[in-house]
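Taking it in order: structure first as structure tokens, then the write-up.
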Amino acid sequence: MTRELETSRAMYEQVRTELLFGFPILEATVPAPRATTLRRQRTFRYLERSLQQAIVVKLARLVTGVQATWHLLVGGFSQEAGAIQRILDQLDSDISFLSGPLIGGKREPIHDRYLKEFFQEEFDGADPVVSRLARDRVPRAKIRAYNVRTFSDPDDNTQRILDVLAFVEGAYSGFIHSAGAHAMDTFDATSGRFLIQGMHGTPFLDDSFVDFRNYLHRSLVAMATAAIALRQRKLFEHLKERSDRIAADFRMHG
């Protein structure tokens, strides 16, 4: 067991506890999904298709994504964890985007466009091979720009923030697409082989545990943002206190 693993484990257990506590409270604030039939199969859908319901769906994936990342890292699979972290980046950004109009920001046409595409079915006929629907997805750059406009302080260098956000998304996309520069980190010079059973004993894994702690803290901040958007002031205050405490205990910065 390395020090970075044990430090991350302690933080993960605290954050996971808060996420599992907060999610059911937020989930209960929106009308529940209702049973429907699609392609002769029973399934569940949010019929109202609201901003609030989209936030809950994104939060559900945020909570499971944090847990998935942890288990991958413990197994030594830092590259695969990086792919999930890229998903977490997008979930975090989406939660801010969807929450903006509910906490004082402006609701813009791209929110309606986003909701229409988000709740759209993947197929429109019995045969999914020939019935895939076209999608009108809001570009990530527009979502980032909205978030920066809505949540940045007046004195912030907004262009610099946009550049950093775009850089992070691009860098972590390499884990999803198995870019050569990323994948070659799994090659072990000592053995002359690729590490196909995990990155145990390498500095890359320790670095990944350190990086994961940023995602743990950000997940609490994202849920706190959602709590404000869903009018759960008491939960927001609790999550803010816990995120501040955890950030101090684990020496998080920024």
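At 222 nm, what value in deg cm²/dmol follows for the chain if DSSP H runs of at least 4 each add -39500 (n - 2.57) and the sum is divided by all its residues, to the nearest 500? The partial results should precede the final answer.
Values: 9 runs with 161 residues, N = 254.
Helix contribution divided over all residues of the chain: -21500 deg cm²/dmol.
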I'm checking a number: the convex hull volume of the Cα atoms of region 1-125, normalised per residue, in Å³. What is it?
146
³J(HN,Hα), Karplus 6.51/-1.76/1.60, whole Hz, each residue of region 197-202, x for Gly, Pro
10, x, 9, 4, x, 10
Check which residues have an amide H placed less than 5 Å from L38's amide H, if you skip close sequence neighbours.
T43
Give a residue-ordered list of calculated ³J(HN,Hα) values for region 91-100 (Karplus: 6.51 cos²θ - 1.76 cosθ + 1.60, θ = phi - 60°; whole Hz; x for Gly, Pro).
4, 4, 4, 5, 4, 4, 4, 6, 7, x
Could you pull out every residue, at least 5 positions away or on a different chain, whose amide H is within less than 5 Å of the one on D188? Hs are placed 1.01 Å off N in the peptide plane, and Pro or chain starts have none.
R193, F194, L195
Could you state the angle between the C-alpha long axis of helix 109-118 and the longest principal axis of the C-alpha atoms of the chain, as a value from 0 to 90 degrees rounded to the nearest 10?
80
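Net charge near I103, counting Lys/Arg +1 and Asp/Glu -1 over other residues with Cβ under 13 Å of its Cβ? Show your work: numbers first, answer last.
On the way: positive: K106, R107, R231, R233; negative: none.
Surrounding charge for I103 is +4.
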Checking R34, R213, R113 against a Gaussian network model of the chain (alpha-carbon springs below 10 Å), the top fluctuating residue turns out to be R34
For the pair S173 and I196, what calculated FRET efficiency results from E = 1/(1 + (r/R0)^6), where r is the Cβ-Cβ distance and R0 = 22 Å, to the nearest 0.05?
0.50
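Arranged by the count of other C-beta atoms within 10 angstrom, fewest first, what order do M223, M184, M252 take?
On the way: M223 28, M184 9, M252 16.
Ranked by crowding around the Cβ, least crowded first: M184, M252, M223.
What shape does region 111-254 have by the C-alpha gyration tensor, where a ≥ b ≥ c are the square roots of the eigenvalues, rounded means a/c under 1.5, and otherwise prolate means a/b greater than b/c and oblate the rest?
Working: a/c = 1.81, a/b = 1.08, b/c = 1.67.
Because a/c hits 1.5 or more and a/b fails to exceed b/c, region 111-254 counts as oblate.
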On the principal axes of its Cα set, how long, how wide and how thick is region 34-99? Give whole Å, largest value first.
41, 31, 14
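For K116 and R149, calculate 0.36 nm times their separation in residues minus their Cα-Cα distance, and state this gained length in nm to one decimal.
Working: separation 33, 0.36 × 33 = 11.88 nm, distance 2.26 nm.
Stretched out fully, the K116 to R149 stretch lengthens by 9.6 nm.
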Between helix 158-177 and the chain: long-axis angle, C-alpha atoms, 0 to 90°, nearest 10:
70
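What's the magnitude of the charge dipole for the chain around its Cα centre, counting Lys and Arg as +1 and Asp and Glu as -1 at the beta-carbon? Answer in Debye, nearest 20. Walk me through the numbers before you get to the answer.
Working: 34 positive and 32 negative charges, 198 e Å.
For the chain, the charge dipole is close to 940 debye.
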Contact order relative to length of the chain, as percent, for alpha carbon pairs under 8 angstrom and 6 or more apart:
28
Taking each pair of distinct Cα atoms in the chain once, what is the resulting Kirkwood hydrodynamic radius in Å?
20.0
Going by the alpha-carbon gyration tensor, a ≥ b ≥ c the square roots of its eigenvalues, is region 163-220 rounded (a/c under 1.5) or, if a/c is not under 1.5, prolate (a/b greater than b/c) versus oblate?
oblate
Restricting to lysines and to Cα separations under 25 Å from K234, and discarding same-chain partners fewer than 8 apart, the set is K58, K106
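Extension gain A166-D249, at 0.36 nm per residue separation less the Cα-Cα distance, in nm? Walk me through the intermediate numbers first.
Working: separation 83, 0.36 × 83 = 29.88 nm, distance 2.95 nm.
Gain on extension, A166 to D249, equals 26.9 nm.
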Computed over region 1-58, the distribution of all Cα-Cα distances in 5 Å bins, rounded to whole %, is 4, 15, 16, 14, 13, 11, 9, 8, 6, 3, 0
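All of the numbers you see were taken from the coordinates with simple rules; none came from a lab. Quick caveat: nothing in here was measured; it's all calculated off a predicted structure. Positions of Cβ are generated from backbone atoms using ideal geometry, with glycine treated the same way; all protein chains shown enter the neighbour counts.
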